[in-house]
Amino acid sequence: MSLPAAAPTGGPGTDAVTVAPVAPGRLGVPLTVEEAARYLPALERWSAARRTELDALDKAALASPQGSGATPDLLLSLALWKAVADRAALLTATWAGGRVGAVERERLSTLVWGRLDTRVTAPGTPSGLLETAAGLAVSLPEACRLSDALVASLRVRLGLDLSAAEVTARLRALRAQLERIREQVGTEPAGRHQQEGAATAARLARRLADVRDKAGRGGDVDGLLGPLEIEASTAERDLIVGAARRREAASRLERARGLRTELEAREAALAQLVQQCVATVDPAPRYAVPDVSVLGPVPNTPAALDAYLDRLEQVSRAMSVVQGAYGQALRDHEELVARLDALRAKATALGVAEQPDLRRGHALAAETLERRPCPMGIAQQLVALYLSYLGAATAPPRPRTATLDRTPRPEERHP
């Protein structure tokens with residue numbers, strides 16, 4: 001297994017330790033300019049140092065009898081590093097040297113806390129490892145922390161001892177991570193999930209205290225830190241994903257309530273429209289106005305909420321059909337009235353409006369259009385009749401055929 005070369009910034013077995021920088025903000029909250037200015041350079045330094053560590057670990061794996069067992073973790077570490085490096089490039093492009101506004105700062109937050117693409121694309125990678133890496137639904141900070149934990153585990157597996165400075169730094173990072181887990185547990189709704197999260201946080205805290213005490217006594221904690229870091233990172237990731245799903249469910253709930261309120265208002269307005277149309281024209285469309293109340297109250301469970309939103313959308317489409325049909329019937333009546341008025345104005349301009357046929361035709365058509373409900377079929381025929389009268393009254397007179405009165409010639413006379 002060979003990895004592309006990277007600029008050396010340290011490696012395993014030295015006093016230097018690479019720990020991911022703490023990500024600013026949280027999901028859905030735009031980054032400030034100061035936070036982005038501190039975090040992006042630190043992330044780039046971490047990415048370069050992590051790549052150098054992976055190169056060194058790859059060489060150590062090739063030289064170690066246990067190197068073949070480290071291949072899956074090395075490939076997964078490479079997938080995490082590549083996903084972070086790609087996301088860091090997008091962050092840098094969005095940052096544009098600090099020329100950012102509100103939209104760009106919100107985009108930076110989305111890039112930091114959104115899901116990464118962790119698929120391995122290196123040639124010769126086993127398909128099982130591809131599926132494992134692709135199944136990691138992690139954000140940028142979680143990917144960095146998982147990478148830290150994997151590298152620490154690889155150091156132990158390959159027999160690369162940790163220095164005292166590395167142990168101290170990783171213990172400090174674990175304490176900070178446990179504090180974030182406790183805060184996240186505090187935001188969980190009361191119930192089983194919160195109790196399970198609190199129990200997990202307490203168990204991790206006890207294990208961390210044991211590791212810290214053993215390291216203080218000079219004991220070897222190389223094999224304890226890696227699994228603890230992985231479990232802590234997994235717990236934090238699950239809490240973050242759960243909170244994101246709850247926010248999404250809350251958003252759907254607000255959307256369902258708002259859509260229902262809108263449909264109730266449309267239902268009342270449509271009832272008035274239907275009443276007006278039935279009183280104005282005959283025949284009127286025969287559509288029933290959907291009753292929103294038959295849907296029942298807005299549910300609060302995700303599955304029921306999705307089905308409820310689908311039904312609300314169906315009701316909205318049905319209301320659009322009803323509004324289109326009754327509204328078109330009223331518009332047809334209004335257009336017929338406007339057409340008769342236009343024809344009357346034309347007849348007046350041409351000086352033929354008071355001719356008996358036109359006067360009787362207009363009076364009959366106008367009276368029919370004012371009737372409630374108006375018989376639309378008869379009204380259309382009467383307006384067409386008035387148009388025919390107007391055409392006849394304004395048509396030019398036909399020329400008469402001239403006849404010659406002459407005396408027949410003698411040869412044309414009959415005997």
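Read-outs throughout are calculated quantities, based only on the coordinates presented, and are distinct from any laboratory measurement. What you see is a predicted model, and the numbers here were worked out from it, not measured in a lab. All Cβ positions, glycine included, derive from the backbone under ideal geometry; neighbour counts span all protein chains shown.
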**Study point:** Alpha-carbon centroids, region 245-271 and region 275-339: separation in whole Å
**Key:** 16 Å
Study note, to complete from the structure: Listed by chain and number, the lysines with an alpha carbon less than 27 angstrom from that of Lys59, same-chain partners under 8 positions apart left out, are Lys82
Review point. What is the sum of charges around Asp291, taking Lys and Arg as +1, Asp and Glu as -1, for the other residues whose C-beta is under 14 Å from the C-beta of Asp291?
Key: +1
**Study point:** Net length gained if the chain between Glu354 and Tyr287 were fully extended (0.36 nm per residue, minus Cα distance)
**Key:** 19.8 nm
Check your understanding: Using r as the Cβ-Cβ distance of Asp341 and Ala249, and R0 as 60 Å, what FRET efficiency do you calculate, to the nearest 0.05?
Key -> 0.60
Point to revise | Nearest-0.05 FRET efficiency for Glu313 and Thr234, computed from C-beta distance (R0 41 Å) | key: 0.65
Exercise for review: For each of His193, His362, His333, count neighbouring Cβ atoms within 10 Å of the residue's Cβ, then give the residues from fewest to most.
Suggested key: His193, His333, His362
Check your understanding: In square nanometres, what is the average projected area of the Cα convex hull of region 176-218?
Key -> 2.8 nm²
